[in-house]
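Remarks on the structure that follows.
The values are calculated or read from the model by the stated rules, or taken from the named source; none is laboratory data. Just so we're clear, the structure is a prediction, and the values are computed from it rather than from any experiment. Reconstructed Cβ throughout: ideal geometry from the backbone, glycine too, with neighbour counts over all protein chains shown. What goes into the accessible areas is simple: the full protein's heavy atoms, side chains included, and nothing from ligands, DNA or RNA. Shrake-Rupley method; radii C 1.70, N 1.55, O 1.52, S 1.80 Å.
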Amino acid sequence: MKTQLKKGTLDMCVLAVLAQADSYAYELVSKLSQGMDISEGTIYPLMRRLQNELWVSTYLVESSSGPSRKYYKLTDNGRRELEAMRREWQEFVAEVENVLRGGPAAMTEEAPQ
């Protein structure tokens, strides 16, 4: 279950990290791996997809320790999408919490008539 939840929220997590500061892929993995299990192999296809969605843009920065690094920057479209994702996430968490607390959605039997 945790793997499926992570898959469904990874876009939002990456966009949230980029909302704080531009970053290159390895740095993104390092930041994300502080709170979740993620590999570098996961991030590159994800970043290509986010770029295709126009949620991130890229630029190169010279590096003193090797080749130039490709930095990712959140676009205005990406900021709007992140806000929409945050709202949906908060609604989803509230719905699940309601069920776990035994709220109306958790009731499976109809009330006696």
- Task: For the range 12-29, name all the residues that are open to solvent by less than 10 Å² (accessible area, probe 1.4 Å) and either free of Cβ contacts under 8 Å to residues at least 12 places away in the same chain or in a helix (DSSP H, G or I) (or both).
- Result: V14, L15, L18, A25, L28
- Message: Out of everything in the range 43-85 that is β-branched (V, I, T) and not in a helix (DSSP H, G or I), what residue ends up being surrounded by the fewest Cβ atoms within 10 Å (Cβ to Cβ)?
- Response: V61
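Residues checked against (1) at pLDDT below 95; (2) among the hydrophobic types (A, V, I, L, M, F, W, C):
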position	(1), (2)
T9	yes, no
L28	no, yes
T42	yes, no
K73	no, no
- Task: Just give me the residues in the range 55-83 being in contact (Cβ under 8 Å) with a residue 24 or more places away in the chain and small (G, A, S), in sequence order.
- Result: G78
- Query: Applying the selection to the range 32-42, what residues are assigned to a helix (DSSP H, G or I) and surrounded by fewer than 18 Cβ atoms within 10 Å (Cβ to Cβ)?
  - Reply: E40, G41, T42
- Item | Positions within the range 35-52 being of a type in the set (K, R) and farther than 11 Å from D11 by Cα, in sequence order | R48
- Item | Restricting the range 86-113 to residues that are among the polar types (S, T, N, Q) and at pLDDT below 90, the residue that is surrounded by the fewest Cβ atoms within 10 Å (Cβ to Cβ) | Q113
